[in-house]
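Notes for the one structure printed next.
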Amino acid sequence: TPPSMFKAPSYTIIAIVVSVLLFVIVYMKRDMMKTTWGVLFDKAVAICDAAGLGIFTIVGIRTALEAGYTQRFLLLFVALVTGIGGGLIRDILAMSKPYVLTKHIYALACLAGAACYIIILPYVGDLTGTIISASLVIIIRLLAMHYRWNLPRVKGKIDV
């Protein structure tokens, strides 16, 4: 079946309209981005990004389960790809280094939420599992941004 965006394009249309409006506002009010409003805007975008990460992570794993897949590794992988995919595309289109490769715990938050969902689903049901697991992703992301948590990096250049 085609993806939902093709069956009910209203979500896609809303996303495009909001994106264009935000672009126009930010473009016309560039000086505003250097004030307190800009800081608040950046925080709002970060919170929305964390929420999107949590929601898409769980949507991905639920979609795989509804399709009949039960292998845990596959479920985790689908959740990860679904969760980080949108941000990855966003960063590539914005011509910036993908956030998932550079900044605060991102993919790990997806994996934690997906693992949580797999573990608690049989005990709490779908709705509660969704809320708890998506919230876990969001909380991990927000804490990672606030405290600047990062995974360890290898120093220097690696030849492969």
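The values are calculated or read from the model by the stated rules, or taken from the named source; none is laboratory data. Note that the coordinates shown come from a computational prediction; the quantities given were computed from them, not determined experimentally. Neighbour counts run over all protein chains shown; Cβ positions are idealised from the backbone, glycine included. What goes into the accessible areas is simple: the full protein's heavy atoms, side chains included, and nothing from ligands, DNA or RNA. Shrake-Rupley method; radii C 1.70, N 1.55, O 1.52, S 1.80 Å.
For residues that are part of a helix (DSSP H, G or I) and open to solvent by 80 Å² or more (accessible area, probe 1.4 Å), scanning just the stretch 24-37, find the one that is farthest from HIS104 (Cα to Cα). Outline the logic, then answer.
Just the residues of the stretch 24-37 that are part of a helix (DSSP H, G or I), to begin with: 24-28, 30-34, 36-37.
Then drop every residue that is not open to solvent by 80 Å² or more (accessible area, probe 1.4 Å), which leaves 25, 27-28, 30-31, 34, 36-37.
Details: ILE25: 28, TYR27: 27, MET28: 30, ARG30: 26, ASP31: 28, LYS34: 23, THR36: 23, TRP37: 23 Å.
Restricting to residues being part of a helix (DSSP H, G or I) and open to solvent by 80 Å² or more (accessible area, probe 1.4 Å), the top hit is MET28.
Looking at (1) open to solvent by 60 Å² or more (accessible area, probe 1.4 Å); (2) part of a helix (DSSP H, G or I), find the lone condition where LYS157 falls short.
Unmet for LYS157, out of (1) open to solvent by 60 Å² or more (accessible area, probe 1.4 Å); (2) part of a helix (DSSP H, G or I): (2).
I'd like to know if the stretch 63-76 contains one or more residues that are on the phi > 0 side of the Ramachandran plot and modelled with pLDDT of 85 or more. Before the answer, list the steps.
Start the filter on the stretch 63-76 by keeping residues that are on the phi > 0 side of the Ramachandran plot, which leaves 68.
Add one more test, that the residue is modelled with pLDDT of 85 or more, and what stays is 68.
Yes, the conditions are met somewhere in the stretch 63-76.
So that you can scan it fast, the table gives a plain yes or no per residue for (1) loosely packed, with under 15 Cβ neighbours inside 10 Å; (2) under 16 Å from the mean Cα position of the chain (by Cα); (3) among the basic types (Lys, Arg); (4) not in a helix (DSSP H, G or I):
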{"residue": "VAL39", "(1), (2), (3), (4)": "yes, no, no, no"}
{"residue": "CYS48", "(1), (2), (3), (4)": "yes, yes, no, no"}
{"residue": "ALA51", "(1), (2), (3), (4)": "no, yes, no, no"}
{"residue": "ILE58", "(1), (2), (3), (4)": "no, yes, no, no"}
{"residue": "ARG62", "(1), (2), (3), (4)": "no, yes, yes, no"}
{"residue": "THR82", "(1), (2), (3), (4)": "no, yes, no, no"}
{"residue": "GLY85", "(1), (2), (3), (4)": "yes, yes, no, no"}
{"residue": "VAL100", "(1), (2), (3), (4)": "no, yes, no, no"}
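Do we find a residue being among the hydrophobic types (A, V, I, L, M, F, W, C), outside any helix (DSSP H, G or I) and over 24 Å from THR12 (Cα atoms) anywhere in the stretch 108-116?
no
On the basis of being surrounded by 15 or more Cβ atoms within 10 Å (Cβ to Cβ), within 13 Å of the chain's Cα centre (by Cα) and either part of a helix (DSSP H, G or I) or of a type outside the set (Gly, Ala, Ser) (or both), does ILE89 make the cut?
no
What number of residues in the stretch 102-120 are without any contact (Cβ under 8 Å) to a residue 24 or more places away in the chain and open to solvent by 30 Å² or more (accessible area, probe 1.4 Å)?
So the first thing to find is which residues in the stretch 102-120 are without any contact (Cβ under 8 Å) to a residue 24 or more places away in the chain, and the list is 102, 116, 119-120.
Still in the list and also open to solvent by 30 Å² or more (accessible area, probe 1.4 Å): 102, 119-120.
The number of residues fulfilling the criteria is 3.
Does any residue in the stretch 127-153 that is open to solvent by less than 40 Å² (accessible area, probe 1.4 Å) come within less than 8 Å, Cβ to Cβ, of a residue that is part of a helix (DSSP H, G or I) and among the hydroxyl-bearing types (Ser, Thr, Tyr) six or more places away or on a different chain, and which pairs are these?
Between residues of the stretch 127-153 that are open to solvent by less than 40 Å² (accessible area, probe 1.4 Å) and residues that are part of a helix (DSSP H, G or I) and among the hydroxyl-bearing types (Ser, Thr, Tyr), the close pairs are GLY129/TYR117; THR130/TYR117; SER133/THR57; SER133/TYR117; ALA134/THR57; VAL137/THR57.
Taking LEU21, is it open to solvent by 90 Å² or more (accessible area, probe 1.4 Å) and in a helix (DSSP H, G or I)?
yes
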